[in-house]
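Here's the structure, in structure tokens; my notes come after.
The values are calculated or read from the model by the stated rules, or taken from the named source; none is laboratory data. As the structure is a prediction and not an experimental result, all values here were calculated from the model. Here Cβ is always computed from backbone atoms with ideal geometry, including for glycine, and neighbour counts include all displayed protein chains. The area values use the complete protein model at the heavy-atom level, side chains included, leaving out ligands, DNA and RNA. Shrake-Rupley method; radii C 1.70, N 1.55, O 1.52, S 1.80 Å.
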Amino acid sequence: MTAAPPPIEKSLIQLNDVSKFYGEVLGVNKINLAIPPGITSLVGPNGSGKTTLMNLITGLLQPTRGTVDVCGMSPEDPETFFRNVGYCTQFDSYPKGFTGYDFVYSFLRLFGWDHAECERRAWHAIDRVNLREAAPRKIAGYSKGMRQRIRLAQSISHDPRVLILDEPLNGLDPLVRAETIALFREFSGEGRHVIISSHVLHEVDIISDQVILMSSGYIVAEGQIKGVRNEIEEHPMQVLIRCDQPQALASRIFQSKNVVEAKVHSDGGGLLVKTRNADEFYLMMNHIAMNGIVVETVAPVDDDVQSLYEYLIDDGGSSNAGGGSK
Amino acid sequence: MNPVWWKQISAVLRLEVKKSFFSKRGLWIYFLALIPVLIWGGHWMVMRYKAERMHNNAGAGVTKEKLMSVKQGMTVAEVEGILGRPATSRTVTRRNGTEFRYWSYSDGTTTRHITFRDGAVQRLNTEHAGCDLQEDTVIFAGIFQFFYLRLAIFFGCMFVFMNLFRGEILDRSLHYYFLAPIRRDILVVGKYLAGLIATTVIFCVSTIAQWALFVVHLDPINRDAYLQQNNGYQHLLAYTGVTALACLGYGSVFLAAGILIRNPLITAATVLIWESINGILPATLRQISVIYYLKSLCPVEIPMQQGVPAPVALLAVNVDNAPPIVAVLGLLALSAVVVFISTRRIKRMEINYSTDN
């Protein structure tokens, strides 16, 4: 992985050497990014700096060092900036006593539009998140998914060029999740920026044009999703096989060129195997299971995001800290 | 001024005024504003009851002169000879055989309570239906300065104005404003005006109600004297104006405190102490306070009699009243400077609810 941000002229959202410290505590450090239009996902475990980065882009936080430029605009000029930028935060809180409609409508009035225009935009945004029926009800009575959607409606109600969403799929049921993803695609299809944060890698895998992996305030990988996925594939995957004869199984599987390492599990009831090609390894396991060894379960143990970060940080993170890779 | 800013201020008012008026947590403000109204309302009812009782007890042929002619040492028969049968009477005989008679006579406006001991007048008390205008005017000024200005309006403004920003940080909803295309200084002005509308309406209505009850409780002669010779309407105007200026001044201070300082208790205690010791501060420092200007505008001076406790004397003392125009302009300038500081500070404010709580 090399630290080579994309050319400036192709990028519209730029962060140059941005760092944020909360006193002694690191938020993010030496972030250099240039984000083109399309769906960009910020992925990282809790505490990796995703929200801090989004708050820095939208001016809710101010960088300790470095500069942020969003399509040539700065949050220091909110009158221009927030007519073009919408941010759906993770804060699940609302002005007291508001209905869903009031919430979207009232903050639209801050744009200086008249009642009719705000009303039209509010209903349009509410319709886009399929919340028309619930809109006249108090938000306090909404489910988590409905609250998520009304926040989304509020953030898109002014039709922003740049849409930033912090964990937008949290709490949504599968149907609404699919509709919401379709909405993001519609936005990005119109040449807008959609920046999404998530700690679930497979979730962003299916929707993102590009991905930025973060860990402990640093960018550990950045680029198109395919490249990051390939990087993941190069990393040996660890599989736990529960079986009645782990030693015998170990001697059998070492015959495969895809197996890098195998060791008997500490409880003696299984085998931990590292393989470079999971698909071929599973085929081989089917064959072994049919030849005398009783295999109870075969389960990957390190396909979660945390493992990926550990891999990226251990293997190359130190060289990429502050830069990212393509 | 940019016309969009007016629309934005109006949108902020739309969001904030209702919240400032009807916050469940802030209902006690109405109670604070109501306390002096209840005091004067209660006083009025007591006075009315007293006047009615005197009127009902008025004896035929009883005049003020006759009432005042009763002296200590007179016998029961002598008193009866002057005033006739009493309107009310009660007799108590002690164990040692001493007899006490408690008689009351009234001419409709004055009541004389006579205590006989073993058949001779021992004690005389006189009660008038009307009130002492001068004394009541000073009492009104005392309640207004010591309770209403220094406690009710002070703490009412503290709650409303500190909540404008600090309350939203605690509720984690301030970011919605910060993510809207509104300049933060315009937001400060909008929120300040919302708080000002709410507090001014609540406290000025209370001031007017207090004054109205004060006037109503006066007997007709004193009422005419107060309204026509004693500048009653000017008092109303002055008290209402001082109330509005108090909301303006304390509002600006607590608005800034809500933006600059996290702990409202420390802020309240600091401002309260500063305002309380205003009278003993050097002249220059004295002018950096709200109460200095407000006291200068109060229409009635509270005379400090000997023997008044030191803390009360400290609150009342105003060694060099500012002329009214200077007081009004000084307070407006002080408020403008504090609001300006708030607008500068809020530009650097970050949304970081976890550490702000």
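Pick out, in residue order, every one of the GluC sites (Glu not before Pro) in the range A:73-123 that is DSSP loop and has at most 16 other C-beta atoms within 10 Å; say none if there are none.
When the GluC sites (Glu not before Pro) of the range A:73-123 are filtered for loop state and at most 16 Cβ neighbours within 10 Å, A:Glu76 remain.
Please compute P(r) over all alpha-carbon pairs of the range A:245-293, binned at 10 Å starting from zero, and give each bin as a whole-number percent.
Here the calculated profile for the range A:245-293 is 27, 60, 13.
Order B:128-138, B:64-74, B:285-295 from most to least packed using the mean count of other Cβ atoms within 10 Å.
Top of the packing list down: B:285-295, B:128-138, B:64-74.
Hey, if you drop one equal point scatterer on each alpha-carbon of chain B and run the Debye formula without solvent, what base-10 log of I(q)/I(0) do you get at q = 0.09 Å⁻¹?
For chain B, the Cα-only Debye profile gives -0.65.
So if we plug the beta-carbon distance of B:Ala212 and B:Lys50 into 1/(1 + (r/R0)^6) with R0 = 25 Å, what FRET efficiency do we get, rounded to 0.05?
Computed FRET efficiency for B:Ala212 and B:Lys50 comes out at 0.80.
In square nanometres and to one decimal, what's the mean projected area of the convex hull around the Cα atoms of the protein assembly as shown?
Over every viewing direction, the Cα hull of the protein assembly as shown projects on average to 49.0 nm².
Given a 1.4 Å probe and heavy atoms of the protein chains only, how would you sort A:Tyr22, B:Tyr239, largest accessible area at the top?
The most accessible residue leads, giving A:Tyr22, B:Tyr239.
Restricting the count to DSSP beta bridges whose residues both fall in the range A:113-267, what percent are antiparallel, rounded to a multiple of 5?
55 percent
What is the average number of partner chain Cβ atoms found within 10 Å of a Cβ in A:106-115?
Numbers: counts 5, 7, 2, 8, 18, 7, 11, 3, 1, 0.
Taking all residues of A:106-115 together, the mean is 6.
Within 10 Å of each Cβ in peptide A:89-101, how many partner chain Cβ atoms are there on average? Round it to a whole number, please.
Values: counts 5, 0, 8, 1, 9, 4, 9, 8, 5, 2, 0, 0, 0.
Whole-number average of other-chain Cβ neighbours for A:89-101 is 4.
Calculate I(q)/I(0) for the range A:8-232 by the Debye formula, one identical point scatterer on each C-alpha and no solvent, and give its log10 at q = 0.11 Å⁻¹ to two decimals.
With no solvent term, the Cα-only Debye profile gives -0.54.
Using only the alpha-carbon atoms, how far is helix B:133-142 inclined from the longest principal axis of chain B? Give it as 0 to 90 degrees, nearest 10.
That works out to roughly 30 degrees.
Return the carbon/sulfur percentage of the accessible area of the range A:245-293, one whole number, probe 1.4 Å, all protein chains in place.
50 percent
Of B:Thr270, B:Thr88, A:Thr40, which has the most accessible area and how do the rest follow, probe 1.4 Å?
Working: B:Thr270 85, B:Thr88 60, A:Thr40 0 Å².
The ordering from most to least exposed comes out as B:Thr270, B:Thr88, A:Thr40.
Using a 1.4 Å probe on protein heavy atoms, which residues of the range B:1-36 have at least 20 Å² less accessible area in the complex than alone?
B:Val4, B:Lys7, B:Gln8, B:Ala11, B:Arg14, B:Leu15
With the Cα gyration tensor of the range B:35-182 in hand, give its eigenvalues times 5 under a square root as the equivalent ellipsoid semi-axes, listed largest first in whole angstrom.
Values for the range B:35-182, descending: 59, 17, 12 Å.
Determine ³J(HN,Hα), in whole Hz, for all residues of the range A:32-37 in sequence, where each value follows from phi through the Karplus function 6.51 cos²θ - 1.76 cosθ + 1.60 and θ = phi - 60°; x replaces Gly and Pro.
Rounded to whole hertz, the list is 10, 9, 9, 9, x, x.
In terms of solvent-accessible area of protein heavy atoms at a 1.4 angstrom probe, what is the ranking of A:Met285, B:Met45, highest value first?
B:Met45, A:Met285
Where both partners of a DSSP beta bridge lie in the protein assembly as shown, what percent of those bridges are antiparallel, to the nearest 5?
75 percent
Below 8 Å between Cα atoms, with a sequence gap of 6+, how large is the relative contact order for the range B:54-128 in percent?
This gives 34 percent for the range B:54-128.
Any lysines with Cα under 27 Å of the A:Lys50 Cα? List them, leaving off those in the same chain fewer than 8 positions away.
Once the sequence-local lysines are set aside, what remains near A:Lys50 is A:Lys10, A:Lys20, A:Lys30, A:Lys144, A:Lys226, A:Lys326, B:Lys347.
For the range A:8-128, take the convex hull of the Cα atoms, compute a quarter of its surface area, and give me that in nm², please.
With the hull built on Cα positions only, its mean projection is 9.4 nm².
Could you give P(r) for the range A:90-148, binned at 10 Å from zero, as whole percent values over all Cα-Cα pairs?
24, 55, 21, 0
Could you compute how fast the range A:123-171 diffuses translationally, taking Rh as the Kirkwood radius over C-alpha pairs and applying Stokes-Einstein at 4 °C with viscosity 1.567 mPa s? Give it in µm² per second.
Diffusion coefficient, whole number: 116 µm²/s.
Excluding residues on the same chain fewer than 8 positions from B:Lys7, give the lysines whose Cα lies under 16 Å from its Cα.
Candidates past the 8-residue exclusion: B:Lys191.
Where the eigenvalues come from the Cα gyration tensor of the range B:54-128, what are the semi-axes √(5λ) of the equivalent ellipsoid, largest first, in whole Å?
Equivalent ellipsoid semi-axes, largest first: 21, 12, 10 Å.
A:Ser143 versus B:Tyr233, label points 7 Å from Cα toward the beta carbon: distance in nm?
Taking the simple label geometry, A:Ser143 and B:Tyr233 are separated by 6.6 nm.
For q values of 0.11, 0.12, 0.24 Å⁻¹, compute log₁₀ I(q)/I(0) with the Debye formula on a Cα-only model of the range B:115-190, without solvent.
-0.60, -0.65, -1.07
Explain nothing, just the number: relative contact order of chain B, from Cα pairs under 8 Å at least 6 residues apart, as a whole percent.
20 percent
Between A and B, buried accessible area summed over both sides at probe 1.4 Å, in Å² to the nearest 100? Could you put the intermediate results ahead of the total?
Details: alone 15630 and 18330 Å², together 31340 Å².
Summing both chains' loss of accessible area gives about 2600 Å².
Over chain B, with the other protein chains present, what is the accessible area per residue in square angstrom, probe 1.4 angstrom?
That works out to 48 Å² for each residue.
Could I have the simple spin-label model distance between B:Asp224 and A:Val294, label points 7 Å from Cα toward Cβ, reported in nm to one decimal?
Placing both labels 7 Å along Cα→Cβ, they lie 11.5 nm apart.
For the range B:54-128, which whole-number percentage of the solvent-accessible area (1.4 Å probe, protein heavy atoms only) is attributable to carbon and sulfur atoms?
It is 46 percent, rounded to a whole number.
Over the range A:245-293, calculate the relative contact order: mean separation of alpha carbon pairs under 8 Å at least 6 apart, over the residue count, as a percent. List each step's numbers first, then the result.
Values: 48 pairs, mean separation 16.5, N = 49.
Relative CO of the range A:245-293 lands at 34 percent.
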